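Participant: Handing you a structure now.
The values are calculated or read from the model by the stated rules, or taken from the named source; none is laboratory data. Bear in mind that the values here come from a model prediction, so they are computed numbers and not experimental data. Here the Cβ positions follow ideal geometry from the backbone for every residue, glycine too, while neighbour counts run over all protein chains shown.
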Amino acid sequence: MLKPQQTISRLRLSCDGLWNIKIDRENVGDVNGWSAGFAPDADVAVPGSWNEQLAEIGVMNYIGVAWYQTRVFVPTAFEGKRIVLRIGSADFSARVWINGKFLGSHEFGFLPFEFEVTDHVAVGKSALVVVRVSNELTDDTVPQGVTAENYIAENRVRDETFPPARFDFFPYGGIHRSVELYATPKEYIDDIDVQTNIVSASDGLVRAKIQLTCLDGATVGFRLESDAQNWTQEANVENGVAEASIAVNPCQFWSCEHPQLYLLTIQLRRDGELIDEYQLNVGIREVKVEGAKLLLNGKPVFLKGFGKHEDFPVLGKALSLPLLVKDFGLLRWINANSFRTSHYPYAEEVLDYADRKGILIIDEVADISRDFRYTSPKSLENHKAYLRELIARDKNHPCVIAWSLSNEPNYLAELEYHDGRGDAYWKELAQHARALDETRPITIPNLQRATINDPAFNYCDFISINRYYGWYENPGQMDVAGKRLSEELDAIYEKYQKPILVSEFGADTVAGLHSTTDQLFTEEYQVKFLETYCAVIASKPYTIGEHVWNFADFRTPQHHRRVVMNLKGVFTRTREPKRAAFFLKEHWAKSPVKSSVNGEAAVLAGAFEK
Ligand code: BDP
């Protein structure tokens, strides 16, 4: 799915700003005809979560339906064009109307969706956009939901969070990313699929496949350029497709140190006349798992970084460009080279920026703590559809080095997971992922409770494990924790012979709390925790990285084990460093030299671009 873009043939109009909101506690909006407009309860910023923004009208913990509306003026410049309404994300599902006309619905949070509205708006006039947003989740949604009744029925009343959630981050509701009206020509470039290869030390290959809405009689021009050079090619459109293979020599490969981007300009023409143009940044690079290594451009790479969240006071889960710049500045400061988009796809702006900054991304489906007691064929269908939409959105980003298909399935250790159902589920999902993208490895972060026999391991190219020895278990005893981690890593490697990323490890820490002895929640304990894990990880030749949980403190549903937030951040929620940040900065400054499985030393890539 192509992002809207302003080019010689395309126009964009932002619909962001102050919209109206009406909270629909009784779910009466449909019968009351709110899709044609309503008397609002309040103003609401888009993008933005309703929760903290409108806490004073009683929606801090609200799970349910809210209606959004705004008026947007359709400029005369859109005359004769195909007009599309695009919503960057609405969490977790939405239905959309324009001028009272129902356009459709979208079931997945954290992903964009769009509808053609050409026939439902008049240029030179304003249009009424109404969006019904719901942050309710069910057994079949991605992620799965949970209710207060579930906690009671399962005799897990002490697990109960408010609002109920199967995950440890706040279930913010709202339109979290930008809304736009954009215009393309009637015949247009529909999709671009770019794959890149390294041919030799100085040669790269860019293969581009373009989907078009016009079937024949048209040609496509390809122009790939850097500051110094350019390459051009022409192709005929056959059955709505045009392809090019561009040999790039000399080629500067995309890497953390030099995130070289080439600008690919696609021009659709008929009889020499330009119909449509689209531009894409292309990074030429290859990712592979080979033996016990993760290779970027043929060189071993060691992932240094975090699990993150989209979370900030008042904004909730809204896209914020100042925060994006700040966070990438902190990643650079701390000498990190990567992060996982735990536990859902982040805004496209984040990936664009990672492409530019040379940050490696593990891109995660919003499937969290899947419970196989409630997993049905419908769940699998939805999970596959989610993955399809994610890959369609992010496939062209050089920064995306792997797909994470889920986080911590079998969170409640339900037996159904290990009776063959778990295995069949991941087998089918992994096949689906590989059919959609054979160029990137896949992984599924494992929770210790799912055990070393986690069927997900069978289908991962590299193994990811989330571990909390020294925190949830063996609290205050880092010597025991380090030993357990070390033994478990060896056991997993021995069984699966696949490289391992420690994809989560961390300790809740109250900034400003100190102790001379090993004491949970102190800044010193967080440092000791991370030091211990990093030392164990460095001692294993088959580990490919360490992602600390978490980059910053983040808001969670209410529970007695959380003081408003999960405090495992190395930075506070407002991005002040804790002591551990200085430890990691120093630790990651030393490009780790690890002995490889077959004994020879390998200097690992991964410094930030200078
Ligand atoms: C892991 C989850 C993560 C939690 C973390 C924690 O993947 O979402 O926030 O534990 O408990 O189980 O801090």
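Participant: Give the number of residues within the stretch 332-343 that are within 16 Å of the ligand (Cβ to nearest atom) and more than 10 Å from D363 (Cβ to Cβ). Break it down stepwise before answering.
Facilitator: Filtering the stretch 332-343 for residues within 16 Å of the ligand (Cβ to nearest atom) gives 339-343.
Still in the running and more than 10 Å from D363 (Cβ to Cβ): 339, 342-343.
Count: 3.
Participant: Then there's this: Among the candidates D216, D190, D227, single out the residue that is farther than 30 Å from D24 by Cα and assigned to a strand (DSSP E or B).
Facilitator: Of D216, D190, D227, the one residue that is farther than 30 Å from D24 by Cα and assigned to a strand (DSSP E or B) is D190.
Participant: Give me the pairs, please: first residue somewhere in the stretch 21-45 and over 14 Å from G100 (Cα atoms), second residue anywhere and surrounded by fewer than 19 Cβ atoms within 10 Å (Cβ to Cβ) and acidic (D, E), beta-carbon distance under 8 Å, and either six or more positions apart or on two chains.
Facilitator: Matching pairs, first to second residue: I21/D41; I21/D43; K22/D41; I23/D41.
Participant: In addition: Confirm whether T451 is out of contact with any strand residue (DSSP E or B) (no Cβ under 9 Å at 6 or more places or on another chain) and of a type in the set (V, I, T).
Facilitator: yes
Participant: Let me ask you something else. For residues in the stretch 425-449 being surrounded by fewer than 22 Cβ atoms within 10 Å (Cβ to Cβ) and within 15 Å of the ligand (Cβ to nearest atom), which is farthest from T522 (Cα to Cα)?
Facilitator: R449
Participant: Filter the stretch 545-587 down to the residues that are in a helix (DSSP H, G or I) and in contact with a Cys (Cβ under 9 Å, 6 or more places away or on another chain), then identify the one that is nearest to A318 (Cα to Cα).
Facilitator: To start, the set of residues in the stretch 545-587 that are in a helix (DSSP H, G or I) comprises 579-587.
Now narrow it down to the ones that are in contact with a Cys (Cβ under 9 Å, 6 or more places away or on another chain): 583-584, 587.
Values: F583: 30, L584: 28, H587: 32 Å.
My answer is L584.
Participant: Using beta carbons and a limit of 6 Å, which pairs, at least six apart or on different chains, have the first residue in the stretch 461-482 and on the phi < 0 side of the Ramachandran plot and assigned by TED's automatic domain parsing to the domain that holds Y533 and the second one away from the ligand (no atom under 15 Å from the Cβ) and charged (D, E, K, R)?
Facilitator: Close Cβ pairs (under 6 Å, with a partner that is away from the ligand (no atom under 15 Å from the Cβ) and charged (D, E, K, R)) amount to F462/K498; I463/K498; Y469/R484; M478/K528.
Participant: Hey, can you tell me all the residues within the stretch 546-573 that are under 17 Å from L513 (Cα atoms), in contact with a strand residue (DSSP E or B) (Cβ under 8 Å, 6 or more places away or on another chain) and more than 11 Å from the ligand (Cβ to nearest atom)?
Facilitator: Correct list: A552, V564, V570, F571, T572, R573.
Participant: Answer yes if at least one residue in the stretch 500-514 is within 15 Å of the ligand (Cβ to nearest atom), in the same structural domain as R575 (by TED's automatic domain parsing) and out of contact with any strand residue (DSSP E or B) (no Cβ under 7 Å at 6 or more places or on another chain), and no otherwise.
Facilitator: yes
Participant: Look at Y182 and say whether it is aromatic (F, W, Y), touching a residue at least 60 places away in the same chain (Cβ under 8 Å) and part of a loop (DSSP other than H, G, I, E, B).
Facilitator: Criteria not met by Y182.
Participant: Within the stretch 208-240, can you find the residues that are hydrophobic (A, V, I, L, M, F, W, C) and surrounded by 14 or more Cβ atoms within 10 Å (Cβ to Cβ)?
Facilitator: A208, I210, L212, C214, A218, V220, F222, L224, W231, A235, V237
Participant: Against the condition buried (at least 19 other Cβ atoms within 10 Å of the Cβ), touching a Cys at 6+ places or on another chain (Cβ under 9 Å) and under 21 Å from P441 (Cα atoms), how does A366 come out, does it pass?
Facilitator: no
Participant: Quick check on my filter: what residues within the stretch 524-558 are among the acidic types (D, E) and surrounded by fewer than 22 Cβ atoms within 10 Å (Cβ to Cβ)?
Facilitator: E524, E531
Participant: Filtering the stretch 369-395 down to residues that are outside any helix (DSSP H, G or I) and surrounded by fewer than 23 Cβ atoms within 10 Å (Cβ to Cβ), which residue is farthest from the ligand (Cβ to nearest atom)?
Facilitator: Taking the candidates together, the pick is K395.
Participant: Looking at this structure, is S200 outside the structural domain of V74 (by TED's automatic domain parsing), modelled with pLDDT of 95 or more and among the polar types (S, T, N, Q)?
Facilitator: Here the answer is yes, as S200 does meet what is asked.
Quick grid of which residues meet (1) buried (at least 21 other Cβ atoms within 10 Å of the Cβ); (2) not small (G, A, S):
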site	(1), (2)
W19	yes, yes
E26	no, yes
S35	yes, no
P40	no, yes
G48	yes, no
L54	yes, yes
R71	no, yes
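Participant: Same structure, new question: Need pairs with beta-carbon distance below 6 Å; first residue assigned by TED's automatic domain parsing to the domain that holds R440 and part of a strand (DSSP E or B) and within the stretch 401-412, second among the charged types (D, E, K, R) and within 12 Å of the ligand (Cβ to nearest atom); sequence gap 6+ or separate chains.
Facilitator: The qualifying pairs are S404/E364.
Participant: Would you be able to tell me the number of residues in the stretch 344-368 that are under 25 Å from Q448 (Cα atoms), assigned to a loop (DSSP other than H, G, I, E, B) and more than 16 Å from the ligand (Cβ to nearest atom)?
Facilitator: Qualifying residue count, the stretch 344-368: 0.
Participant: Among the strands (runs of 3 or more DSSP E) lying completely within the stretch 268-330, list those that include at least 2 residues that are among the acidic types (D, E).
Facilitator: Filter on the stretch 268-330 gives 273-282.
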